[in-house]
Every structure is written in structure tokens, then in C-alpha cells.
Amino acid sequence: MFYFDTIGGKKILRSDLIRADHFFTTRESFITTKEADLANVTSENKDLICKYLKIREMDLISPCQTHTDNIEHAVSGKNIYPDTDGLIVSDKDIAVFLNFADCTPVILYDEVRNIGAISHAGWRGTAANIASKTVKKMVEEFGCKSKNISAVIGPAISMCCYNVGEDVFRQLYSSVDNFDGLYEIRGGNIYVNLKGINRRQLQECGVEKIDVCPYCTCCNNDLFFSYRKENATTKRHSAVLKIK
């Protein structure tokens, strides 16, 4: 179940499914934007988060996201991850974060192995199965088991607001074995459930424990950023993870 909390008096969103330190920033606690006049705000928020996580700012690691299905292992001392939309973390002394404004954030955590990851699943990443590929990498390279991995699917644009063209629909349709219940036709337009598609992909690769955020970034624009609703805003909310 999702619930709101605060860091330094600023609102964040958590799930009670994962016991590692994880959360989603909000419009109050955001740490990423290209708007120069907000640099002081993001710097202050990042400082609050680093102090809360008890890490140095250089150990709060984020990749250069480009809507790929590339997944890397985040390590201390390395802060450049080009063309990367998934980060796996196995070091308790660092934290990782990825940025979103309608795309689907997926936080994964294996409490048995103490291995975690975050995936950035826009429609391209979802069509390419980035979340389930991240699970596969955790299993094959870090000794995790799918049944031990918990998944938290964060705030993203929901089926109520996410209409797509036929080409995108076909690519998403082919990304799961069963697409039932994951789309609607309204007024001649196709609406798809990105959060639901990612959930089904995870279920199809053996992940059983999944918490799906009820918030739509477009409908709940007072809480989160929406690229569609806010005319290509550069502000982003983030998914943050630090293992135990």
C-alpha cells in the first residue's frame, strides 16, 4: 500500500511492500529540472535527501535516460551511465535515482540477496520489457530469485489519460502474453494501462509481490509532474532507492 511521508518537511510517496529505503519525490521534493531559476530548490532538496539517506551527494547516482532497455550496475565512484534506463544497486553505501514525468517507475528489491534496482519504463521501455529484463539480470548476474523480488510500480500516467496510436499499441500489445484488460477504446481512441502492462510483464517473469501506485501523474498533477499535461515540462519527480 502506498502512503505519503516527508523528508525535511517535504512530501514523498512510499510503499509498505519494500523495507529498503525507497520513495518517490513529489512537486515539493523534486531534485531534477532544467529550469535554471529552480537550481537552488533542487539543490536544497537533494541535500535533504542525502542527509536523510546518510550518503554524500556524489553517492546519489542517476543515469542519462534515453528510453532504452539498457541496464547497468551502479557502483561507487562511477557517476556516468550513458543511454541507461535501468540501474541495479548492490552497495549499501550508495543510492540510485531515476527521473519521471508520466513514464512508469519500477523499483525492484530482493530482500534475501539485498539487491535492488530501478527501471524507467516509458512506452518504449515498456514495449522492450525493461522491467522484466532488469529482473532477469538480477537473477542471472546477482543470484536473485524472481519469487523473492518485490516490485513497486510508482506514479505514472494511467489508462484514464494515456491514449496512443496504433503503432505504439501494437508494440505494447506484443510485450505480454495476455493483453486482456490492459486497454480501452473510447471515442475511437486507444487508451493503454502502462502500469498494468509492467505489472503483467513482471508477473510473467515470476515476480509475485507487486504494489501498483493508484496515482495518475496527469490527473494528480498537483502532486506529480506530467510531460503531457504541462507542455513538455523539464521538471521531474524521481524514484529513489538505497538498499539495507
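Kindly establish whether Cys205 is under 16 Å from the mean Cα position of the chain (by Cα) and on the phi < 0 side of the Ramachandran plot. The answer is no for Cys205. Mind checking which residues of the stretch 215-229 are more than 19 Å from Val164 (Cβ to Cβ) and either over 14 Å from the mean Cα position of the chain (by Cα) or charged (D, E, K, R) (or both)? Hits for the stretch 215-229 are Asn220, Asn221, Asp222, Leu223. The residues on offer are Asp102, Asp69, and the sole one that is in contact (Cβ under 8 Å) with a residue 60 or more places away in the chain, within 27 Å of Asn221 (Cβ to Cβ) and acidic (Asp, Glu) is Asp102. Of all residues in the stretch 26-46, none are within 15 Å of Leu241 (Cβ to Cβ) and loosely packed, with under 14 Cβ neighbours inside 10 Å. So, in the stretch 197-228, how many residues would count as being assigned to a loop (DSSP other than H, G, I, E, B) and free of Cβ contacts under 8 Å to residues at least 12 places away in the same chain? Here the count works out to 1. A residue that is within 17 Å of the chain's Cα centre (by Cα) and in a loop (DSSP other than H, G, I, E, B) can be found somewhere in the stretch 185-193.
Taking the condition farther than 20 Å from Ala121 by Cα, surrounded by fewer than 18 Cβ atoms within 10 Å (Cβ to Cβ) and among the charged types (D, E, K, R), does Asp59 pass? No.
Based on this model, can you work out whether Ile107 counts as in a strand (DSSP E or B) and surrounded by fewer than 24 Cβ atoms within 10 Å (Cβ to Cβ)? The answer is no for Ile107. In this entry, Leu194 is excluded by the filter for residues that are more than 30 Å from Ile49 (Cβ to Cβ), hydrophobic (A, V, I, L, M, F, W, C) and buried (at least 21 other Cβ atoms within 10 Å of the Cβ). Against the test of being touching a residue at least 24 places away in the same chain (Cβ under 8 Å) and farther than 18 Å from Ile107 by Cβ, the options Gly154, Gly187, Gly165, Gly181 yield a single qualifying residue, Gly165. For the stretch 100-108, the count of residues that are hydrophobic (A, V, I, L, M, F, W, C) and either touching a Leu at 6+ places or on another chain (Cβ under 7 Å) or over 25 Å from Glu230 (Cβ atoms) (or both) is nonzero.
Filtering the stretch 61-101 to residues that are basic (Lys, Arg) and either over 18 Å from Lys137 (Cβ atoms) or part of a strand (DSSP E or B) (or both) leaves only Lys92. When the test is whether a residue is in contact with a strand residue (DSSP E or B) (Cβ under 8 Å, 6 or more places away or on another chain) and over 26 Å from Val212 (Cα atoms), Asp21 does not pass it.
Only the coordinates and a few stated rules stand behind these numbers; no lab work does. The model shown is predicted, which means the values in this text are computed figures rather than measured ones. Here Cβ is always computed from backbone atoms with ideal geometry, including for glycine, and neighbour counts include all displayed protein chains.
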